[in-house]
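Below is one structure, written out as structure tokens; comments come after it.
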Amino acid sequence: MSNIKQTLKFFSPLSITVYPSHGYGGCGADVLSEVLSPSEAVYYMDEILAAIEKEKLPSEGDRGLMVYFYDDQALSEKIYSLHPTVEEWNGKLWGVMVAEVYGELTEVETAKLLDFITGQLSDGWGEGFEQRPIKTNDGEIFVSFWNSEDFFIKPEQELKQGAEQNFNGQTMGGM
């Protein structure tokens with residue numbers, strides 16, 4: 001096993017619902033929620049990052065969510081840590097899982113990690129996180145790393161290269 005640690009990032013779309021606070025009497029049952037677009041969500045990045053930080057358990061230590069990975073002992077040793085966060089890319093806010101890995105992951109190992117991440121986002125860490133309101137100046141927001149209509153999780157390189165290819169494939173005006 002290589003002792004050189006590298007950082008891998010896996011991106012997924014977020015689903016963010018806001019329950020606006022109204023100055024004239026707080027939240028009532030008739031308050032309508034709004035779904036924020038990924039570009040609107042960037043505005044709440046600091047509050048979301050603070051909420052993610054609060055979710056961290058002392059028992060997870062430096063390893064984060066990898067303390068819950070039991071499927072494959074060798075892979076558990078190869079992937080040092082796994083931490084959820086959010087990041088702005090291309091003007092949009094994304095859910096990101098940051099893994100610190102010794103050496104390179106094989107395709108099979110990457111698939112196992114993505115399965116684990118998907119499970120954590122839907123039933124584990126993410127299920128708890130999306131149920132806790134995050135207070136903002138505009139009301140409470142609820143952030144789901146999983147509940148997006150078009151959920152996917154992709155390695156950073158794959159996501160960003162795909163976007164570049166889409167961009168480069170467009171015909172630009174001019175000479």
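The values are calculated or read from the model by the stated rules, or taken from the named source; none is laboratory data. Keep in mind the model is a prediction, meaning the values are calculated, not measured. Heads up, the Cβs are rebuilt from the backbone with ideal geometry, glycines too, and the neighbour counts pull from every protein chain shown. Note: areas computed on protein heavy atoms with side chains; ligands, DNA, RNA excluded. Shrake-Rupley method; radii C 1.70, N 1.55, O 1.52, S 1.80 Å.
Hey, any hits in region 64-72 for a residue that's assigned to a strand (DSSP E or B) and either open to solvent by less than 30 Å² (accessible area, probe 1.4 Å) or free of Cβ contacts under 8 Å to residues at least 12 places away in the same chain (or both)?
Yes, some residue in region 64-72 is assigned to a strand (DSSP E or B) and either open to solvent by less than 30 Å² (accessible area, probe 1.4 Å) or free of Cβ contacts under 8 Å to residues at least 12 places away in the same chain (or both).
Search region 144-155 for residues that are within 12 Å of residue 122 (Cα to Cα) and pair each with any residue that is in a loop (DSSP other than H, G, I, E, B) when their beta-carbon atoms are under 7 Å apart and the residues are at least 6 apart or on different chains.
These pairs meet every condition: 144/14; 144/130; 145/14; 147/130; 148/14.
Which ones in region 136-150 are modelled with pLDDT under 90 and under 11 Å from the mean Cα position of the chain (by Cα)?
146
Within region 69-88, does at least one residue satisfy the condition of being of a type outside the set (Ser, Thr, Tyr) and in contact with a Pro (Cβ under 7 Å, 6 or more places away or on another chain)?
The answer is no, given that none of the residues of region 69-88 is of a type outside the set (Ser, Thr, Tyr) and in contact with a Pro (Cβ under 7 Å, 6 or more places away or on another chain).
Can you give me the number of residues within region 114-129 that are in a loop (DSSP other than H, G, I, E, B) and in contact (Cβ under 8 Å) with a residue 24 or more places away in the chain? Give the derivation first.
The first filter runs over region 114-129 and keeps only residues in a loop (DSSP other than H, G, I, E, B), leaving 123-124.
Cutting the leftovers down to in contact (Cβ under 8 Å) with a residue 24 or more places away in the chain gives us 124.
Matching residues across region 114-129 total 1.
Residues of region 88-108 being open to solvent by 40 Å² or more (accessible area, probe 1.4 Å) and part of a strand (DSSP E or B), which ones?
If the condition is that a residue be open to solvent by 40 Å² or more (accessible area, probe 1.4 Å) and part of a strand (DSSP E or B), then 88, 89, 92, 100, 102 are the ones that fit.
Do the conditions hold for residue 39, that is, is it over 16 Å from residue 124 (Cα atoms), surrounded by fewer than 14 Cβ atoms within 10 Å (Cβ to Cβ), at pLDDT below 95 and not charged (D, E, K, R)? Let's see the steps before the verdict.
On the way: over 16 Å from residue 124 (Cα atoms): yes; surrounded by fewer than 14 Cβ atoms within 10 Å (Cβ to Cβ): yes; at pLDDT below 95: yes; not charged (D, E, K, R): yes.
Judged against the criteria, residue 39 is a match.
Tell me, please, whether a residue that is in contact with a helix residue (DSSP H, G or I) (Cβ under 9 Å, 6 or more places away or on another chain), hydrophobic (A, V, I, L, M, F, W, C) and modelled with pLDDT of 95 or more can be found in region 152-162.
No, every residue in region 152-162 fails to be in contact with a helix residue (DSSP H, G or I) (Cβ under 9 Å, 6 or more places away or on another chain), hydrophobic (A, V, I, L, M, F, W, C) and modelled with pLDDT of 95 or more.
Restricted to region 73-84, and to residues that are closer than 16 Å to residue 121 by Cα and without any contact (Cβ under 8 Å) to a residue 40 or more places away in the chain, which residue is most open to solvent (accessible area, probe 1.4 Å)?
Residue satisfying both the conditions and the ranking: 83.
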